[in-house]
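Data first, discussion second: the structure below is written as structure tokens.
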Amino acid sequence: NAGVTQTPKFQVLKTGQSMTLQCAQDMNHNSMYWYRQDPGMGLRLIYYSASEGTTDKGEVPNGYNVSRLNKREFSLRLESAAPSQTSVYFCASRGQGSANPYNQPQHFGDGTRLSIL
Amino acid sequence: AQSVSQHNHHVILSEAASLELGCNYSYGGTVNLFWYVQYPGQHLQLLLKYFSGDPLVKGIKGFEAEFIKSKFSFNLRKPSVQWSDTAEYFCAAGTGGSYIPTFGRGTSLIVHP
């Protein structure tokens, strides 16, 4: 009963390096999300995917790219890491519900703690 | 654009004290409301949600929240907190036809034993 699985849990990068954060869910959810969490800023949406085959920008997309590889997997890529991208990254998924997909809660992964030096 | 305000950024209580955390949202139409809790070092978990019906919603671990449409509020309450309630609490609101809920900045709750 894994839910949402994120890898890796911790990572340290040097400025300019690239990296892909992986996320997979086993709940057959349509929607998936990537957030970053910074002290005092709450959760800010980076990208989301309302369904397989679609992705859209969120509040803070600059410096990131995403791929919805299939219904289960949604990856986040940093092409050229910057110190400002030091953060905790959370992936979430959301089911469609039987009647109303919009009132379903999100399910979150355990997060990836990323430090960029 | 939708916004969610949590006015209490840090709350410190003693065990057995009562808790009320404020949450206000800006959208005037149909809204879906959520409270999530994040225990130290863990991921966010759903405490409770409201989308229709009885405006007083009961969630897990003795938490409840009241939806007051006229005040655009969805405050979280617990009659008697425990040390184990130490966590960060997030309010989120989604409009009726959106896949993207908006999160508040969170309230850090510390409960002293």
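All of the numbers you see were taken from the coordinates with simple rules; none came from a lab. The structure presented is a predicted model; accordingly, all values stated were derived computationally and were not measured. Here the Cβ is made from the backbone with ideal geometry for all residues, glycine too, and neighbour counts use every protein chain on show.
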With a ≥ b ≥ c from the Cα gyration tensor eigenvalues, square-rooted, and the rule rounded for a/c under 1.5, otherwise prolate when a/b > b/c and oblate otherwise, chain B is prolate
Out of every Cα pair in segment A:1-97, what percent are spaced more than 20 Å from each other? 33 percent
Eligible lysines near A:Lys9 by straight Cα distance, threshold 27 Å, same-chain separation 8 or greater: A:Lys57, A:Lys71
Provide a whole-number value for the mean count of partner chain Cβ atoms within 10 Å of the Cβ atoms in peptide B:99-110. 5
Taking the protein assembly as shown as the region of interest, what is the percent of Cα-Cα pairs per 10 angstrom bin, listed from the shortest bin to the one with the maximum distance? 8, 33, 35, 20, 4, 0
What would the Debye formula give as log10 I(q)/I(0) at q = 0.15 Å⁻¹ for the alpha-carbon point model of segment A:77-117, no solvent? -0.53
Looking at chain B, how many pairs of lysines come closer than 14 Å at the Cα, when each pair is eight or more places apart or spans two chains? 4
